[in-house]
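What follows is one structure encoded as structure tokens, with my remarks underneath.
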Amino acid sequence: MDLNPSVIFYTDALPALALERFALRLEDLGYEALWVPEFFGREPFSTVSFVLARTTRLRVATGIANVYARDALVTAQARRTLAELSGGRFVLGLGVSHPPMAEAHGVEWLPPVRKMRETLDVIESTEVASPAPEAEAPIWIAAHGPGLLKLAASRAEGANTYLMPPAHTEQARGILGPDKRLNVVVPSCLCEDPDRARKVGRRALAIYLPLPAYRQQWKQWGFADEDFEEGGSDRLIDTVVAWGSESRIRERMEEHRRAGASHVTVSALNPEGGEPHWKLFEALAPR
């Protein structure tokens, strides 16, 4: 099992120079990888390219690139290009996202497993006319349900999960089998005040709480409709957000590792605001 944590952070809020300094500091602290989300800010492959060009050891991943945002042929080109030009430090994280994202791009929403399978078919069959890297960039699929997890087991390097309890990690490991990578993102808030930490957690969950796919998953782990009201119950927040002291956050990470995670990625929730929470990054750093 790989015990070095990675970081996922909303880099779109950082100006270019601040982003460069952010990535270099993570690299200096010994973090394995930086995962770059895709929302409605910077184009993620461009951001990944920028960070790869300014670092030397840090792996950089799309976390995740929405398969509805660009066609699979272009994704295949980006995968090959970034693998070659980075010397093998690029990771292609893919996800189907949610119906509103497909709608925003003016395309039809398809069943998730079908859409991801069709995307992988094109990526794997595309011949890119550029120098081949020493190894193709690994593909990790955002997967919570059994269908996508089975697809990750058969067609990808591994799977990414988010906002799930350790019990889900155990189930995901069972579906993936022993040899695939399983990256679990753990939202973490270094704050020992329960009211304040939960307020920060609710703010982080606000965009996800209304989404049917997440609600469906949470209901499988014992939550009910009342847990989704008023920003989420204390029980829901305490389950999917690691908050408290450094040791308490580390223990939650270890729970996921014991349940089968090969990688843990920290999503640092800063109780002071949206800036990178270096106190937490430094506390959890491998060095």
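What follows draws every value from the coordinates through simple rules; no lab data is involved. From a predicted model like this one, the values you see are computed outputs, not experimental measurements. Methodologically, a virtual Cβ is constructed for each residue, glycine included, from the backbone with ideal geometry; neighbour enumeration extends over all protein chains shown.
Key figures
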| quantity | calculated |
| --- | --- |
| Extension reserve of the R117-F40 stretch, reckoned as 0.36 nm per residue once the Cα distance is removed | 25.3 nm |
| Charge context of D238, other residues only, Cβ under 12 angstrom, K/R +1, D/E -1 | +3 |
| Pairwise centroid distance, computed over Cα atoms, of the range 1-53 with the range 166-227, Å | 22 Å |
| Extension gain from S125 to E272, taking 0.36 nm per residue of separation minus the Cα-Cα distance | 48.2 nm |
| Chymotrypsin sites (Phe, Trp or Tyr not before Pro) restricted to DSSP loop in the range 6-104 with at most 14 other C-beta within 10 Å | Y10, F39, F40 |
| Sparse-neighbour loop sites [trypsin sites (Lys or Arg not before Pro); the range 31-113; at most 14 other C-beta within 10 Å; DSSP] | R57 |
| Helix-only [θ]222 nm of the chain, DSSP H runs n ≥ 4, -39500 (n - 2.57) each, per residue, nearest 500 | -13500 deg cm²/dmol |
| Local net charge near R21, Cβ-Cβ under 15 Å (Lys/Arg +1, Asp/Glu -1) | -3 |
| Förster radius 45 Å - calculated FRET efficiency between R258 and R54 (Cβ-Cβ, nearest 0.05) | 0.80 |
